[in-house]
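The values are calculated or read from the model by the stated rules, or taken from the named source; none is laboratory data. In this text, all values refer to a predicted model and were calculated from it rather than measured experimentally. For neighbour counting, all protein chains shown are included, and Cβ atoms are generated from backbone atoms with ideal geometry for every residue, glycine included. What goes into the accessible areas is simple: the full protein's heavy atoms, side chains included, and nothing from ligands, DNA or RNA. Shrake-Rupley method; radii C 1.70, N 1.55, O 1.52, S 1.80 Å.
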Amino acid sequence: MSIHFNQVGYDPELPKKAVITGKGSNCVILNERDMGAWNQAEEKIDFALSAPAYDEASGDTVRTLDFSAVSKPGRYFIFADGDQVTVEIKEKPYRDLCNALVKAFFYQRCGCELSEKHAGVYRHGTCHLGKAVLVKDDGTVDSNTVIECSGGWHDAGDYGRYTVPAAAALGHLLYAYEFFPQAYKDALNIPESGNGVPDILNECRYELEWMLKMQRADGGVYHKVATKYFAGFIMPEEDNDDLFLFRVTHCSTAGFAASSAQASRIFKPFDAVFSAKLLSAAKKAWDWIEANPVFEPFNNPPDFRSGGYGDQSCEDEIFWAGAELYSVTGEERYLDAVKKRAGNADISKFGWRDTAGFGALCCLFVLKEKLESNFFNSIKERFLHNADSLLALTQKSGYGTALDADGYIWGSILPILNNAITMICACLLTKDGKYRDAAQNQLNYLLGMNATGYSFVTGFGCRAYRFPHHRPSFADGVDDPVPGLVSGGPNKQFPDMVTKALIPPETPPAKFYIDYAPTASANEIAIYWNSPAVFVAGYFSSLR
Ligand code: 9MR
Ligand code: ZN
């Protein structure tokens, strides 16, 4: 395999790139229509490749094929170096992808049945309805605190439900909707479809209703609900172990304040009552943070094994929450908190640990008219400066990937898509197409233009990965995995034992990947890897 390309397709009017790892210096592109009549081909068929370049992250020597000149919709064969692939140029190439990336959240729903009507062969029974009992940091149980907290999405390939990553996933989804509403329809065949609310918001509401249950009367928000150990590779309805609730943390509370305030703004035109409920919950969470200023990092109690999601600071969540709350209430105290933290905030990060990027989006796009110009401009300048550094990173990479060789961590798809978001927003701010083009390379990466040659979305692409570390996909007896799930991708930094045993240690970082379900460290899926993909695919779907 030497042609690495976007297996889902190319938009007729956007740049078209593929990466070739073989030896030749040119290639042939032929429209399917012209097969058998080479010499009468309507379009140019010979394409020169770029000069060879060494790509550090993969160890590959690569040449870039730029076939932007081909713009007629159709199926084309690319021949290079003895390899042959079929690429598609078509209108709205990312529409189905974008829908599936959103629908994937429906498949992650917990606490309800997924009926055949909505889930087809991926249907499953009701799961995780039991009440959860609070476990203290020392591992003992507080039997006086037992709550009903069913609902929400399973976090990832496991069945835990964690509020910290939930806030980040909601941040991506809600901004995706707010920036590109035209990309999201009310017809994904989920139970709420047709209710007049776009399904991306219906899906967010499912998570928000659960998060509201995770809030204590004093405003604090519990960190997570999970079983003591990760379940075996069984269907969710078969996972009947006891559920535990984990204490209120600063990051879960501040992250909840941020995403519920943001949601209250976005839901207002659809459902004023729900919007008001979210706002009052967000304010209460904020007040809890103010009343509890001493940060206490979270660690799993001894012998408890679900996702940790521990963080060393919640200043970035407070920065984000302050911005969202200011946007809804106009109260100066929230703005003061934003200003106080802006200088130290890493404003181009949109992940479960670092969330200040969402606060920056609020400042740059939502609060634009409300902020003093000095403050606004300083954030804008820093944001664009970061985007320029990412642009430089993509130019250094043979695959055009916005990630350094040492950036292939657990869930490397997150920084890659995260960086695409920064570049997309830089394009929205400046109208400079160079950011859009560099962001497009990250979408191409997701869909196969990467060193592994896999498309990292199940069901999308001729070489889509097939064996996610995802319990339902493994246990449901269906050959194909649940569609629309994004893999975490290559991870050399922190390989699990299975990956270590199977991949030779000298393998370069961008290839430290195997499409094999047991490898949690490289082939798991997670809600906050799908959600940035929803943003990026939504942007590229909404361009024309
Ligand atoms: O996404 C998380 C990643 O940043 C961490 O390095 C990794 C190891 O702690 O955990 C990842 O999150 C997992 C979570 O702990 C449990 N559910 C599955 C998540 C994705 O692998
Ligand atoms: Zn469940």
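If you average the sequence gap of Cα pairs under 8 Å that are 6 or more apart and divide by the length of the chain, what percent do you get for the contact order?
Relative contact order of the chain: 17 percent.
Students often check this: by mean Cβ neighbours within 10 Å, which of 140-151, 514-525 ranks highest, and how do the rest follow?
514-525, 140-151
Based on C-alpha coordinates, I'd like the Rg and Dmax of the chain, in Å.
Expressed in Å, the Cα Rg and Dmax of the chain come to 23.2, 81.
Using the Cα gyration tensor of the range 468-544, with a ≥ b ≥ c the square roots of its eigenvalues, what is the shape: rounded (a/c below 1.5), prolate (a/b larger than b/c) or oblate (neither)?
It comes out oblate by the Cα gyration axes.
Taking Cα atoms, how many degrees apart are the long axis of helix 95-107 and the longest axis of the chain, rounded to 10 and kept between 0 and 90?
30
Which one, V221, N299, M235, is farthest towards the positive end of the dipole of the range 206-316 when Lys and Arg carry +1 and Asp and Glu -1 on their Cβ?
V221
Setting aside same-chain residues fewer than 8 positions from K339, which lysines have a Cα under 22 Å from its Cα?
K283, K284, K349, K368, K370, K380
When the Cα centres of the range 54-69 and the range 362-434 are compared, how far apart do they sit, in Å?
A separation of 23 Å, based on Cα centres.
Accessible area, 1.4 Å probe, largest first: how do E116, E317 sort?
Putting E116, E317 in descending order of accessible area: E116, E317.
Using only DSSP helix segments of four residues or longer, with each worth -39500 (n - 2.57), what per-residue ellipticity at 222 nm results for the chain after dividing by its residue count and rounding to 500?
Estimated from H runs of four or more residues: -12000 deg cm²/dmol.
Return one whole number: the accessible area per residue of the range 192-277 in Å², for a 1.4 Å probe.
33
Might you report the magnitude of the Cβ-based charge dipole of the range 3-89 about its Cα centre, with Lys and Arg at +1 and Asp and Glu at -1, to the nearest 20 debye?
120
Where does the charge balance sit around N386 when Lys and Arg score +1, Asp and Glu -1, over other residues with C-beta under 15 Å from its C-beta?
Net charge in that neighbourhood comes out at -3.
Show me 486-498, 409-421, 381-393, 222-234 ranked by packing, highest mean number of other Cβ atoms within 10 Å first.
Peptide ranking by packing, descending: 409-421, 486-498, 222-234, 381-393.
Taking the range 247-283, which trypsin sites (Lys or Arg not before Pro) meet the DSSP loop condition and have no more than 13 other C-beta atoms within 10 Å?
When the trypsin sites (Lys or Arg not before Pro) of the range 247-283 are filtered for loop state and at most 13 Cβ neighbours within 10 Å, nothing remains.
Report in % the part of the accessible area of the range 449-530 that belongs to carbon and sulfur, leaving out ligands and nucleic acids; probe 1.4 Å.
Taking all protein chains in place, the range 449-530 shows 62 percent carbon and sulfur surface.
Are any of the pairs K16/K44; K228/K492; K17/K44; K23/K434; K131/K185 more than 24 Å apart by Cα-Cα distance, and if so, which?
Distance filter (> 24 Å) returns K228/K492; K23/K434; K131/K185.
Keeping every protein chain present and rolling a 1.4 Å probe, give me the accessible area per residue for the range 320-417 in Å².
Each residue of the range 320-417 exposes 40 Å² on average to a 1.4 Å probe.
Excluding same-chain residues fewer than 8 positions from K511, which aspartates and glutamates have a Cα within less than 20 Å of its Cα?
Counting by Cα, and skipping residues close in sequence, K511 has these aspartates and glutamates nearby: D55, E56, D60, D83, D404, D406, D496, E524.
How large is the charge dipole for the chain, taken about the Cα centre, if only the Cβ atoms of Lys, Arg (+1) and Asp, Glu (-1) carry charge, to the nearest 20 debye?
The dipole of the chain has a size of about 800 debye.
Could the peptides 295-307, 465-477 be put in order, highest first, of the mean number of other beta-carbon atoms found within 10 Å of their residues?
Descending mean neighbour count gives 465-477, 295-307.
What figure in square angstrom, to the nearest 10, would you give for the accessible area of D437 with a 1.4 Å probe?
It works out to around 50 Å².
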